[in-house]
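Accompanying notes for the structure given below.
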Amino acid sequence: MPASTRITREMKTDVLIVGGGIGGISAALSAAEMGADVVLAEELDWLGGQLTAQGVPLDEYPWNETVIFSRSYAQFRAQIRGFYRVHYPLAPAARANPLLNPGMGNVSTLCHEPRVSVQVIEAMLAPHQSSGRVRVLREHKVEAVDVNGDRISGITLTNLKTGNRLSVACRVIIDATETGELLELAKVEHVLGAEAQATTGEPHALERADPLNQPAITWTFAADYLPDETHVIDKPASYEQWKGEVPKLWPGPRFSWSVPDHVTHQPRARPLFAGDSDEEYLFDLWHARRLAYRLNFAPGAYRSDITFACWPQNEYWDKPALGVPQSQADTALREAQELSLSFFYWMQTDAPRHDGKGTGYPGLRLRGDVLGTETGLAKQAYYREGRRIQAEFTLLEQHIGVAARPNFTAAETFPDSIGVAAYRIDLHYSTRGGDTVDIDTYPFQIPLGALLPVRVDNLLPACKNLGTTRITNGACRVHPAEWSIGEASGALAVFALAKGVPMRAVRSDPSLLQEFQQVLMKRGVMLAWPAFGPLTATARIGYRPPPAS
């Protein structure tokens, strides 16, 4: 639609959240529950970000079932299980299991279908939408940001369906985008890619800063397996290119069942299907992010398990997708899609079979319907890292890494803690050819200083765009961490508005900080971990299913 024919509307709100991922949702809920008017704008038609639109099941802490680090996150998880019990034909044993894991994937004790998360998120937002407290704008993309000195006064959105524009004025703006795109549009001081070791002092930082040194993205797909049928897709045009590639850090071709171990970098067998021993279950690909386990449901309800492919073989690191001209970003995203489809075609046609019966699994079937697409691929690429604010305080490897803290037995204690997180420092292959970094961490606190930009007064991050480094981002990008960050940002925005003070004053004034931390604790937010040991490579949190009948 030509710009001259667009209709422009105006809207005002207390808190404007750009991005409907996990952090954006928790920010909206906490802000609304504390009495603020909220506008939540999302580019896609689904809310949920990496959990739904990007096809990445919950990747969680080992203690999610025993330690309630956030009451609202615990409620979110409970409602997912409740949705299955109300709407799905569960088998009796699964229905009776209080720790129902619908997919029995091994990255979480709650692997489930993305459409369930979509429905649960909608239900959690529904009362706030009905009251008018929260307004959700789906399929709206940021076109421009209005900046006045050190404050952002609002943004202009484009309705992707109609082409019309919407101008939204706000008192506080929260960036919950998957790539931190708002930081660039508003010219907020930020970091992209890798910092220099001389800047951060981190043992695993690079010698030189490089904004184009970014982790691999993955264009996830969903699949099931019907061994007596044929569902072979058309051969992708770039198939032979990907099939023949031998990455420099790999023991052989990219399309193989042998990949480098993330921790040891030694060859690791990762077959598609395996048996039921502990070792086989932990390392075969089918179990890793399985979101529907057919034996958890009534006979005949599922013809097959369903799994997500977010695996080493379809990680795309050839070109950066951020910080480059749009044409180059588009090329990277297109090639990431082609890589995933090529790997799927290889599995259908040329992959060595686990049973020794030739090559290929033609019964593998793309399940785009599970992801709300016709292509079989997710709605959006999975971005492991984006732009990060330059913050009043930056979380470093020295604060949480076990090896970087040789004289300590726990992570750094932060007096301005606003929540907790726990995940290994997990860096994937990089666009500059860097190897994986997968190292032990201690469960850690999230400092308020990491949510405060060094200059802009009324912007907050709500996900992996907080004040981390390339290294510590690898411990903050998973779902429960994003929930904690978003919940704290939403609460901070409303607390500061109610007090009539700048948000950074909450950190600098001890009495305000203590009062805000009390608000968080009353919300059920845990500010410090009990005494847990480090997160080692052998810590596994999924549950093995019973042997298939």
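The values are calculated or read from the model by the stated rules, or taken from the named source; none is laboratory data. What you see is a predicted model; the values in this text were computed from it and never measured. Here Cβ is always computed from backbone atoms with ideal geometry, including for glycine, and neighbour counts include all displayed protein chains.
Residue-level check: of (1) touching a strand residue (DSSP E or B) at 6+ places or on another chain (Cβ under 8 Å); (2) within 27 Å of L535 (Cα to Cα), V67 misses just (1). Candidates are the residues of the stretch 403-433 that are surrounded by fewer than 21 Cβ atoms within 10 Å (Cβ to Cβ) and β-branched (V, I, T); the one that is nearest to V324 (Cα to Cα) is T413.
Just to confirm my filter: which helices (runs of 4 or more DSSP H) fall fully inside the stretch 454-526 and include at least 2 residues that are surrounded by fewer than 24 Cβ atoms within 10 Å (Cβ to Cβ)? Lay out the reasoning, then the answer.
Numbers: elements: 470-476, 479-499, 503-508, 510-522.
Those helices (runs of 4 or more DSSP H) span 479-499, 503-508, 510-522.
Starting from the stretch 472-492, keep only residues that are in the same structural domain as S30 (by TED's automatic domain parsing), then list their pairs with residues that are in a helix (DSSP H, G or I) and aromatic (F, W, Y) whose Cβ atoms are within a distance under 7 Å, requiring at least 6 positions of separation or different chains. Filtered contacts from the stretch 472-492: P480/Y73; W483/Y73; L492/F516.
Scan the stretch 203-216 and give yes if some residue there is loosely packed, with under 14 Cβ neighbours inside 10 Å, of a type in the set (A, V, I, L, M) and modelled with pLDDT of 95 or more, otherwise no. Within the stretch 203-216 (the criterion being loosely packed, with under 14 Cβ neighbours inside 10 Å, of a type in the set (A, V, I, L, M) and modelled with pLDDT of 95 or more), the answer is no, since none of the residues qualifies.
Anything in the stretch 73-118 that is within 18 Å of S304 (Cα to Cα) and not hydrophobic (A, V, I, L, M, F, W, C)? List them, or say none. Y84, Y88, P89, N101, P102, G103, G105, N106, H112, E113, P114, R115 - these are the residues of the stretch 73-118 that are within 18 Å of S304 (Cα to Cα) and not hydrophobic (A, V, I, L, M, F, W, C). Here Q328 fits the description: among the polar types (S, T, N, Q) and surrounded by fewer than 16 Cβ atoms within 10 Å (Cβ to Cβ).
In the stretch 441-448, the count of residues that are of a type in the set (S, T, N, Q) and surrounded by fewer than 20 Cβ atoms within 10 Å (Cβ to Cβ) is zero. Candidates T162, T158, T179: the one that is assigned to a loop (DSSP other than H, G, I, E, B) and closer than 15 Å to R9 by Cα is T162.
Within the stretch 94-119, the residues that satisfy the criterion of being surrounded by fewer than 19 Cβ atoms within 10 Å (Cβ to Cβ) and without any contact (Cβ under 8 Å) to a residue 60 or more places away in the chain are R95, A96, N97, P98, Q119.
Taking the stretch 40-80 on its own, how many of its residues are part of a helix (DSSP H, G or I), among the charged types (D, E, K, R) and surrounded by fewer than 19 Cβ atoms within 10 Å (Cβ to Cβ)?
The initial filter retains those residues of the stretch 40-80 that are part of a helix (DSSP H, G or I), namely 49-51, 71-80.
Filter again for among the charged types (D, E, K, R), leaving 71, 77.
This time we only want the ones that are surrounded by fewer than 19 Cβ atoms within 10 Å (Cβ to Cβ), so: 71.
Of the residues in the stretch 40-80, 1 are part of a helix (DSSP H, G or I), among the charged types (D, E, K, R) and surrounded by fewer than 19 Cβ atoms within 10 Å (Cβ to Cβ).
For V56, the test of being more than 16 Å from the chain's Cα centre (by Cα) and among the hydrophobic types (A, V, I, L, M, F, W, C) is failed. If you check L29 against the conditions, is it assigned by TED's automatic domain parsing to the domain that holds R133, more than 24 Å from R165 (Cα to Cα) and part of a helix (DSSP H, G or I)? It is true that L29 is assigned by TED's automatic domain parsing to the domain that holds R133, more than 24 Å from R165 (Cα to Cα) and part of a helix (DSSP H, G or I). The residue list L166, L183 contains one member that is touching a residue at least 12 places away in the same chain (Cβ under 8 Å) and touching a His at 6+ places or on another chain (Cβ under 6 Å), which is L183. In the stretch 371-389, the qualifying residues are those that are in a loop (DSSP other than H, G, I, E, B) and of a type in the set (A, V, I, L, M), and the one that is nearest to E181 (Cα to Cα) is A381.
The single residue among R138, R115, R133, R95 that is assigned by TED's automatic domain parsing to the domain that holds A169, within 25 Å of G35 (Cα to Cα), at pLDDT 95 or above and in contact with a helix residue (DSSP H, G or I) (Cβ under 9 Å, 6 or more places away or on another chain) turns out to be R133. In the stretch 144-185, which residues are surrounded by fewer than 21 Cβ atoms within 10 Å (Cβ to Cβ) and within 24 Å of the chain's Cα centre (by Cα)? L160, E181, E184, L185, listed by residue number.
Name the single residue, out of those in the stretch 261-318 being hydroxyl-bearing (S, T, Y) and more than 25 Å from L51 (Cα to Cα), that is modelled with the highest pLDDT. Within the stretch 261-318, the match that is modelled with the highest pLDDT is T264.
For V420, the conditions (1) without any contact (Cβ under 8 Å) to a residue 24 or more places away in the chain; (2) part of a strand (DSSP E or B) are fulfilled apart from (1).
Kindly check whether there is at least one residue in the stretch 234-241 that is buried (at least 17 other Cβ atoms within 10 Å of the Cβ), closer than 30 Å to A329 by Cα and either in the same structural domain as N106 (by TED's automatic domain parsing) or modelled with pLDDT under 95 (or both). No, the stretch 234-241 contains no residue that is buried (at least 17 other Cβ atoms within 10 Å of the Cβ), closer than 30 Å to A329 by Cα and either in the same structural domain as N106 (by TED's automatic domain parsing) or modelled with pLDDT under 95 (or both). Selection over the stretch 527-536 of residues that are within 22 Å of G490 (Cα to Cα) and in contact with a helix residue (DSSP H, G or I) (Cβ under 9 Å, 6 or more places away or on another chain) gives a count of 1. Within the stretch 314-324, the presence of at least one residue that is among the basic types (K, R), in contact (Cβ under 8 Å) with a residue 24 or more places away in the chain and in the same structural domain as Y361 (by TED's automatic domain parsing) is confirmed. How about the stretch 81-92: which of its residues are outside any loop (DSSP other than H, G, I, E, B) and either surrounded by 16 or more Cβ atoms within 10 Å (Cβ to Cβ) or without any contact (Cβ under 8 Å) to a residue 12 or more places away in the chain (or both)? Scanning the stretch 81-92 gives R81, G82, F83, Y84, V86, H87, L90, P92.
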